[in-house]
Amino acid sequence: MAELVITNDNFEQEVLKADKPVVVDFWAPWCGPCRMMGPILEEFAKEFEGKYIVGKVNVDDEEELAGRFNIMSIPTIKVFRNGQETASALGVQSKEKLVELIGDA
């Protein structure tokens, strides 16, 4: 599964109106820990394809979204369910921690 690129333009449709929990990675290409998180998210997305949606927000390109969610450090992972933020974590997370954040696996 290709990772979903989330922008200010598609955030409402892809995240807030999603029919599954959405894991959103706020990241930037120059961020070392963000690059470490990438393969973990890819593996998570493959393993849970169809159960969860995984998307990425490039904070350099989407400053408005980063500001909306008060992103001060990256990577920041946020989980959305039924249009609401239900969990978040700062820094590189394991696949197991991502499952914990979602809370229903």
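Sort 69, 48, 26 so the one with the fewest other Cβ atoms within 10 Å of its own Cβ comes first.
Sorted ascending by nearby Cβ count, the order is 69, 48, 26.
Net charge near residue 30, counting Lys/Arg +1 and Asp/Glu -1 over other residues with Cβ under 14 Å of its Cβ?
-1
Using the 2.2 N^0.38 Å rule of thumb for compact globular proteins, work out how the range 4-100 stacks up: its C-alpha Rg over that value, please.
With N residues counted in the range 4-100, Rg over 2.2 N^0.38 Å equals 0.97.
Count the DSSP beta bridges whose two residues both fall in the range 4-100, then state the antiparallel fraction as a percent rounded to the nearest 5.
DSSP beta bridges in the range 4-100 are roughly 55 percent antiparallel.
Using Cβ counts within 10 Å as a stand-in for footprinting exposure, how do 19, 60 rank, fewest first?
19, 60
If each residue's Cβ is checked for other Cβ atoms within 10 Å, how do 68, 35 rank with the fewest at the top?
Listing 68, 35 from fewest to most nearby Cβ atoms yields 68, 35.
Bear in mind these aren't lab numbers, they're just calculated from the coordinates by the rules spelled out. Note that the structure is a prediction, hence the values are computed from the model and not measured. Virtual Cβ from ideal backbone geometry, glycine too; neighbours counted across all protein chains shown.
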